[in-house]
1. What does the accessible area of Trp69 come to, in Å² to the nearest 10, when a probe of 1.4 Å is used?
2. Given labels modelled 7 Å from the Cα in the Cβ direction, how far is it in nm from Asn167 to Val118?
3. Using helices alone, I'd like the mean residue ellipticity at 222 nm for the chain: each DSSP H run of four-plus residues gives -39500 (n - 2.57), total over residue count, nearest 500.
4. I'd like the Kirkwood hydrodynamic radius of the chain, using the inverse of the mean 1/r over distinct C-alpha pairs, in Å.
5. Mind giving me the FRET efficiency for Tyr281 and Asp196? R0 is 51 Å, r the Cβ-Cβ distance, nearest 0.05 is fine.
6. Students often get this wrong: which residues of segment 139-157 have the backbone nitrogen under 13 Å from the point 7 angstrom along Cα-to-C-beta of Arg292?
7. Quick one: if the Förster radius is 22 Å, what FRET efficiency do Glu31 and Arg186 give, using the C-beta to C-beta distance and rounding to 0.05?
8. Taking the Cα centre of segment 119-165 as origin, sum charge times position over the Cβ atoms of Lys and Arg (+1) and Asp and Glu (-1), and report the length of that vector in debye to the nearest 20.
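The values are calculated or read from the model by the stated rules, or taken from the named source; none is laboratory data. Computed from a predicted model, the values in this text were never measured in an experiment. In this analysis, Cβ positions are derived from the backbone assuming ideal geometry, glycine residues included, and neighbour counts consider all displayed protein chains. These area figures cover heavy atoms from the full protein model, side chains too; ligands, DNA and RNA do not enter into them. Shrake-Rupley method; radii C 1.70, N 1.55, O 1.52, S 1.80 Å.
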Amino acid sequence: MISVVVPIYNEEELIYRFNEAVAGELKTIGEEWEVIYVNDGSTDSSLELLLDLQTADPHVVVVDLTRNWGHMGAISAGLRSSRGDAVIVMDGDFQDPPEVLPQLINAWRAGAQVVVAVRRSRQERRRLLAKLFPVFYRVLAALSDYPIPLDAGIFGLMDRQAVDSVNALREGNRYLPGLRAWIGYRNDVVYYDRQDRLAGDGKLSFVSRIKYAMDAITSFSYKPLRLCFALSCFLECMVVILVACSLFATNPVDTLGLALSAVILLVGGILLFCLGVMSEYLGRVYDEVRARPLSIINKVYYSEEIVAAQTGAADASEPAAGYRLRIA
Ligand code: UDP
Ligand code: MG
(Lines give C-alpha, C1' and ligand atoms only; values in the text may rest on other atoms or scores of the structure.)
(Ligands and ions follow the chains in the order given, each with its own letter.)
Protein backbone atom coordinates (compact mmCIF):
# COMPACT_ATOMS: atom_id res chain seq x y z
CA MET A 1 0.00 0.00 0.00
CA ILE A 2 1.13 3.55 -0.81
CA SER A 3 0.33 6.41 1.59
CA VAL A 4 0.46 10.01 0.43
CA VAL A 5 0.70 12.56 3.26
CA VAL A 6 -0.51 16.08 2.45
CA PRO A 7 -0.55 18.98 4.97
CA ILE A 8 -3.53 21.27 4.42
CA TYR A 9 -3.92 24.79 5.76
CA ASN A 10 -6.68 26.87 4.14
CA GLU A 11 -6.51 25.21 0.72
CA GLU A 12 -10.24 25.18 -0.09
CA GLU A 13 -9.67 26.27 -3.71
CA LEU A 14 -7.39 23.34 -4.41
CA ILE A 15 -8.51 20.29 -2.44
CA TYR A 16 -10.81 18.73 -5.06
CA ARG A 17 -8.49 19.39 -7.98
CA PHE A 18 -5.53 18.09 -6.00
CA ASN A 19 -7.22 14.86 -4.98
CA GLU A 20 -8.35 14.24 -8.55
CA ALA A 21 -4.81 14.73 -9.86
CA VAL A 22 -3.24 12.49 -7.21
CA ALA A 23 -5.85 9.76 -7.63
CA GLY A 24 -5.37 9.93 -11.40
CA GLU A 25 -1.67 9.13 -10.98
CA LEU A 26 -2.10 6.49 -8.28
CA LYS A 27 -4.73 4.59 -10.29
CA THR A 28 -2.10 3.78 -12.87
CA ILE A 29 0.30 2.29 -10.30
CA GLY A 30 -1.54 -0.94 -9.54
CA GLU A 31 -1.20 -0.73 -5.74
CA GLU A 32 -3.66 -0.03 -2.97
CA TRP A 33 -3.35 3.56 -1.74
CA GLU A 34 -4.53 6.12 0.82
CA VAL A 35 -4.19 9.89 0.72
CA ILE A 36 -3.86 11.32 4.23
CA TYR A 37 -4.90 14.96 4.38
CA VAL A 38 -3.76 16.57 7.61
CA ASN A 39 -5.99 19.55 8.35
CA ASP A 40 -3.64 21.89 10.18
CA GLY A 41 -6.24 24.06 11.93
CA SER A 42 -7.67 25.56 8.71
CA THR A 43 -10.00 28.50 9.25
CA ASP A 44 -11.74 28.17 5.86
CA SER A 45 -13.96 25.29 4.68
CA SER A 46 -11.02 22.90 4.06
CA LEU A 47 -12.13 20.40 6.72
CA GLU A 48 -15.73 20.26 5.46
CA LEU A 49 -14.50 19.82 1.89
CA LEU A 50 -12.13 17.02 2.96
CA LEU A 51 -14.92 15.18 4.79
CA ASP A 52 -17.18 15.60 1.74
CA LEU A 53 -14.40 14.28 -0.44
CA GLN A 54 -14.06 11.26 1.81
CA THR A 55 -17.69 10.23 1.25
CA ALA A 56 -16.98 10.21 -2.50
CA ASP A 57 -13.49 8.70 -2.36
CA PRO A 58 -12.76 5.95 0.21
CA HIS A 59 -8.99 6.38 -0.32
CA VAL A 60 -9.16 9.68 1.55
CA VAL A 61 -8.10 9.73 5.20
CA VAL A 62 -8.59 12.99 7.11
CA VAL A 63 -6.45 13.75 10.14
CA ASP A 64 -7.74 16.85 11.89
CA LEU A 65 -5.30 18.63 14.22
CA THR A 66 -6.42 20.58 17.29
CA ARG A 67 -5.01 23.88 15.97
CA ASN A 68 -2.48 25.19 13.49
CA TRP A 69 0.78 23.41 14.36
CA GLY A 70 2.73 24.43 11.28
CA HIS A 71 3.96 22.58 8.21
CA MET A 72 6.32 20.19 10.05
CA GLY A 73 3.78 19.47 12.80
CA ALA A 74 1.17 18.53 10.19
CA ILE A 75 3.61 16.31 8.28
CA SER A 76 4.69 14.55 11.48
CA ALA A 77 1.04 13.78 12.29
CA GLY A 78 0.57 12.42 8.77
CA LEU A 79 3.66 10.21 9.00
CA ARG A 80 2.49 8.82 12.33
CA SER A 81 -0.98 8.06 10.90
CA SER A 82 0.27 6.46 7.69
CA ARG A 83 -0.20 2.73 7.09
CA GLY A 84 1.50 2.29 3.72
CA ASP A 85 4.57 0.22 2.87
CA ALA A 86 5.82 3.38 1.18
CA VAL A 87 4.89 6.89 2.27
CA ILE A 88 5.08 9.95 0.01
CA VAL A 89 5.09 13.43 1.55
CA MET A 90 4.02 16.35 -0.66
CA ASP A 91 2.45 19.82 -0.40
CA GLY A 92 -1.18 20.25 -1.39
CA ASP A 93 -0.74 23.28 -3.67
CA PHE A 94 0.58 21.55 -6.84
CA GLN A 95 4.08 22.95 -6.26
CA ASP A 96 5.12 19.33 -5.89
CA PRO A 97 3.54 18.02 -9.12
CA PRO A 98 1.44 14.82 -8.84
CA GLU A 99 2.94 13.65 -12.19
CA VAL A 100 6.15 12.84 -10.30
CA LEU A 101 4.46 10.22 -8.08
CA PRO A 102 4.97 7.28 -10.51
CA GLN A 103 8.69 8.09 -10.73
CA LEU A 104 9.02 8.07 -6.94
CA ILE A 105 7.19 4.75 -6.73
CA ASN A 106 9.26 3.20 -9.54
CA ALA A 107 12.47 4.19 -7.76
CA TRP A 108 11.13 2.53 -4.59
CA ARG A 109 10.18 -0.60 -6.53
CA ALA A 110 13.71 -0.67 -7.94
CA GLY A 111 15.01 -1.03 -4.39
CA ALA A 112 15.44 2.48 -2.95
CA GLN A 113 14.22 2.88 0.62
CA VAL A 114 14.34 6.68 0.54
CA VAL A 115 13.62 8.62 -2.66
CA VAL A 116 14.33 12.36 -2.61
CA ALA A 117 12.63 14.65 -5.15
CA VAL A 118 15.18 17.29 -6.14
CA ARG A 119 14.17 20.59 -7.79
CA ARG A 120 15.72 20.96 -11.22
CA SER A 121 14.09 24.35 -11.75
CA ARG A 122 11.56 26.62 -10.07
CA GLN A 123 8.67 28.56 -11.51
CA GLU A 124 7.64 30.96 -8.83
CA ARG A 125 5.86 34.27 -8.78
CA ARG A 126 7.69 35.24 -5.63
CA ARG A 127 11.03 35.98 -7.25
CA LEU A 128 12.87 36.83 -4.05
CA LEU A 129 11.91 33.55 -2.44
CA ALA A 130 12.85 31.61 -5.57
CA LYS A 131 16.30 33.23 -5.43
CA LEU A 132 16.76 32.84 -1.68
CA PHE A 133 15.97 29.13 -1.53
CA PRO A 134 19.01 27.95 -3.53
CA VAL A 135 21.20 30.26 -1.42
CA PHE A 136 19.75 28.80 1.78
CA TYR A 137 20.38 25.22 0.64
CA ARG A 138 24.00 26.05 -0.13
CA VAL A 139 24.58 27.82 3.19
CA LEU A 140 23.04 24.83 4.95
CA ALA A 141 25.22 22.41 2.97
CA ALA A 142 28.34 24.43 3.87
CA LEU A 143 27.44 24.55 7.56
CA SER A 144 26.02 21.07 7.99
CA ASP A 145 28.13 18.44 9.72
CA TYR A 146 26.19 15.85 7.71
CA PRO A 147 25.57 15.88 3.90
CA ILE A 148 22.01 16.97 3.07
CA PRO A 149 20.88 16.89 -0.59
CA LEU A 150 20.79 20.31 -2.26
CA ASP A 151 17.51 21.76 -3.58
CA ALA A 152 15.27 19.21 -1.90
CA GLY A 153 12.30 20.05 0.31
CA ILE A 154 9.87 17.68 1.95
CA PHE A 155 8.75 16.10 -1.35
CA GLY A 156 9.87 12.48 -1.51
CA LEU A 157 9.16 8.89 -0.56
CA MET A 158 10.23 6.77 2.41
CA ASP A 159 9.60 3.06 2.88
CA ARG A 160 7.96 1.77 6.06
CA GLN A 161 11.26 1.16 7.82
CA ALA A 162 12.52 4.68 7.08
CA VAL A 163 9.21 6.22 8.21
CA ASP A 164 9.37 4.24 11.45
CA SER A 165 12.92 5.51 11.98
CA VAL A 166 11.81 9.13 11.51
CA ASN A 167 8.76 8.60 13.75
CA ALA A 168 10.98 7.18 16.49
CA LEU A 169 13.03 10.40 16.70
CA ARG A 170 12.07 12.46 19.72
CA GLU A 171 13.34 15.88 18.70
CA GLY A 172 10.81 18.66 18.47
CA ASN A 173 12.47 21.08 16.05
CA ARG A 174 12.31 18.95 12.95
CA TYR A 175 13.78 19.58 9.56
CA LEU A 176 12.47 16.65 7.53
CA PRO A 177 14.80 16.97 4.49
CA GLY A 178 17.75 16.79 6.88
CA LEU A 179 16.39 13.96 9.02
CA ARG A 180 15.47 11.97 5.93
CA ALA A 181 19.10 12.20 4.80
CA TRP A 182 20.42 11.57 8.31
CA ILE A 183 18.58 8.26 8.87
CA GLY A 184 20.51 6.70 5.98
CA TYR A 185 19.10 3.67 4.07
CA ARG A 186 19.44 3.08 0.35
CA ASN A 187 18.74 6.44 -1.30
CA ASP A 188 17.74 7.48 -4.79
CA VAL A 189 16.96 10.84 -6.37
CA VAL A 190 14.23 11.90 -8.80
CA TYR A 191 14.45 15.31 -10.53
CA TYR A 192 11.42 17.52 -11.12
CA ASP A 193 10.47 21.06 -12.08
CA ARG A 194 9.00 22.92 -9.12
CA GLN A 195 5.74 24.56 -10.16
CA ASP A 196 4.10 27.72 -8.95
CA ARG A 197 1.25 27.43 -6.44
CA LEU A 198 -1.94 26.80 -8.46
CA ALA A 199 -4.20 29.07 -6.40
CA GLY A 200 -4.15 31.22 -3.28
CA ASP A 201 -1.11 32.62 -1.51
CA GLY A 202 1.73 30.86 0.32
CA LYS A 203 0.63 29.97 3.84
CA LEU A 204 3.98 30.03 5.57
CA SER A 205 4.81 33.38 7.17
CA PHE A 206 8.23 34.96 6.83
CA VAL A 207 8.88 34.41 10.55
CA SER A 208 8.02 30.70 10.31
CA ARG A 209 10.38 30.36 7.33
CA ILE A 210 13.21 31.92 9.35
CA LYS A 211 12.44 29.52 12.22
CA TYR A 212 12.49 26.61 9.77
CA ALA A 213 15.87 27.72 8.36
CA MET A 214 17.25 28.06 11.91
CA ASP A 215 15.93 24.59 12.79
CA ALA A 216 17.69 23.23 9.73
CA ILE A 217 21.02 24.78 10.65
CA THR A 218 20.94 24.14 14.39
CA SER A 219 19.76 20.53 13.90
CA PHE A 220 22.70 19.62 11.73
CA SER A 221 25.57 21.90 12.64
CA TYR A 222 27.81 22.82 15.54
CA LYS A 223 29.52 25.42 13.41
CA PRO A 224 27.59 28.52 14.57
CA LEU A 225 28.56 27.62 18.15
CA ARG A 226 32.17 27.27 17.09
CA LEU A 227 32.10 30.80 15.68
CA CYS A 228 33.02 31.97 19.21
CA PHE A 229 36.35 30.17 18.99
CA ALA A 230 37.09 31.59 15.55
CA LEU A 231 36.27 35.12 16.72
CA SER A 232 38.39 34.78 19.85
CA CYS A 233 41.36 33.65 17.71
CA PHE A 234 40.85 36.67 15.49
CA LEU A 235 40.80 39.04 18.49
CA GLU A 236 43.93 37.46 20.00
CA CYS A 237 45.76 37.94 16.69
CA MET A 238 44.74 41.59 16.77
CA VAL A 239 46.13 41.81 20.33
CA VAL A 240 49.52 40.56 19.13
CA ILE A 241 49.55 43.12 16.30
CA LEU A 242 48.53 45.97 18.64
CA VAL A 243 51.18 45.04 21.22
CA ALA A 244 53.84 44.93 18.51
CA CYS A 245 52.74 48.34 17.20
CA SER A 246 52.73 49.85 20.69
CA LEU A 247 56.32 48.65 21.27
CA PHE A 248 57.50 50.43 18.14
CA ALA A 249 55.44 53.60 18.64
CA THR A 250 57.61 56.66 19.34
CA ASN A 251 54.89 58.88 20.73
CA PRO A 252 53.91 57.89 24.35
CA VAL A 253 50.24 58.78 23.66
CA ASP A 254 50.21 56.28 20.76
CA THR A 255 51.85 53.63 22.95
CA LEU A 256 49.23 54.09 25.65
CA GLY A 257 46.33 54.06 23.13
CA LEU A 258 47.56 50.90 21.43
CA ALA A 259 48.27 49.16 24.74
CA LEU A 260 44.78 50.03 26.04
CA SER A 261 43.16 48.75 22.84
CA ALA A 262 45.19 45.55 23.17
CA VAL A 263 43.92 45.05 26.73
CA ILE A 264 40.29 45.57 25.65
CA LEU A 265 40.62 43.07 22.79
CA LEU A 266 42.44 40.62 25.06
CA VAL A 267 39.57 40.68 27.55
CA GLY A 268 37.03 40.36 24.71
CA GLY A 269 38.98 37.45 23.27
CA ILE A 270 39.14 35.66 26.63
CA LEU A 271 35.40 36.09 27.11
CA LEU A 272 34.67 34.73 23.63
CA PHE A 273 36.99 31.80 24.29
CA CYS A 274 35.08 31.00 27.50
CA LEU A 275 31.79 31.28 25.56
CA GLY A 276 33.23 28.91 22.97
CA VAL A 277 34.03 26.36 25.70
CA MET A 278 30.49 26.70 27.05
CA SER A 279 29.09 26.31 23.52
CA GLU A 280 30.87 22.98 23.16
CA TYR A 281 29.08 21.79 26.29
CA LEU A 282 25.81 23.35 25.10
CA GLY A 283 26.06 21.49 21.79
CA ARG A 284 26.53 18.23 23.63
CA VAL A 285 23.64 18.95 26.00
CA TYR A 286 21.48 19.61 22.91
CA ASP A 287 22.55 16.27 21.44
CA GLU A 288 21.69 14.46 24.67
CA VAL A 289 18.29 16.14 24.99
CA ARG A 290 17.38 15.27 21.39
CA ALA A 291 18.40 11.68 22.16
CA ARG A 292 18.93 10.72 18.52
CA PRO A 293 19.91 7.06 18.24
CA LEU A 294 23.64 6.45 17.80
CA SER A 295 22.94 4.24 14.79
CA ILE A 296 20.01 2.69 12.94
CA ILE A 297 20.06 -0.97 11.90
CA ASN A 298 18.78 -1.77 8.44
CA LYS A 299 18.88 -5.61 8.58
CA VAL A 300 20.56 -8.30 10.64
CA TYR A 301 21.76 -11.43 8.80
CA TYR A 302 22.09 -14.66 10.84
CA SER A 303 23.84 -17.83 9.77
CA GLU A 304 21.76 -20.70 8.42
CA GLU A 305 22.30 -22.71 11.62
CA ILE A 306 20.87 -20.04 13.87
CA VAL A 307 17.90 -19.51 11.57
CA ALA A 308 17.28 -23.26 11.44
CA ALA A 309 17.37 -23.46 15.24
CA GLN A 310 14.95 -20.53 15.51
CA THR A 311 12.50 -21.87 12.96
CA GLY A 312 12.85 -25.47 14.16
CA ALA A 313 13.94 -26.88 10.76
CA ALA A 314 14.82 -30.57 11.05
CA ASP A 315 18.01 -30.44 9.00
CA ALA A 316 20.19 -27.39 9.47
CA SER A 317 21.91 -27.97 6.12
CA GLU A 318 18.60 -27.55 4.35
CA PRO A 319 17.89 -23.86 3.66
CA ALA A 320 15.04 -23.06 6.04
CA ALA A 321 12.10 -20.96 4.94
CA GLY A 322 13.37 -17.98 6.93
CA TYR A 323 16.92 -18.23 5.59
CA ARG A 324 18.66 -14.91 6.05
CA LEU A 325 16.13 -13.90 8.63
CA ARG A 326 15.43 -10.22 8.44
CA ILE A 327 14.99 -8.35 11.68
CA ALA A 328 13.84 -4.80 11.06
N1 UDP B 1 0.64 24.27 5.49
C2 UDP B 1 0.29 23.69 6.69
N3 UDP B 1 0.38 24.44 7.84
C4 UDP B 1 0.83 25.72 7.83
C5 UDP B 1 1.23 26.28 6.60
C6 UDP B 1 1.13 25.53 5.45
O7 UDP B 1 -0.11 22.54 6.74
O8 UDP B 1 0.87 26.33 8.90
C9 UDP B 1 0.55 23.46 4.26
C10 UDP B 1 -0.09 24.17 3.07
O11 UDP B 1 -1.49 23.99 3.03
C12 UDP B 1 0.60 23.50 1.88
C13 UDP B 1 1.96 23.16 2.44
O14 UDP B 1 1.85 23.14 3.86
O15 UDP B 1 -0.05 22.30 1.50
C16 UDP B 1 3.04 24.15 2.01
O17 UDP B 1 2.66 25.45 2.38
P18 UDP B 1 2.94 26.70 1.44
O19 UDP B 1 2.59 26.36 0.04
O20 UDP B 1 2.28 27.88 2.04
O21 UDP B 1 4.51 26.85 1.59
P22 UDP B 1 5.52 27.31 0.46
O23 UDP B 1 5.30 26.40 -0.70
O24 UDP B 1 5.13 28.71 0.16
O25 UDP B 1 6.86 27.16 1.07
MG1 MG C 1 3.65 25.93 -1.59
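1. 130 Å²
2. Each label point lies 7 Å from its Cα, and together they span 2.9 nm.
3. The per-residue figure over the chain is -16500 deg cm²/dmol.
4. 23.3 Å
5. E(calc), rounded to 0.05, equals 0.65.
6. Once the point is set 7 Å along Cα→Cβ of Arg292, 144-149 turn out to lie under 13 Å by backbone N, inside segment 139-157.
7. Efficiency computed from Cβ-Cβ geometry: 0.65.
8. 500 debye
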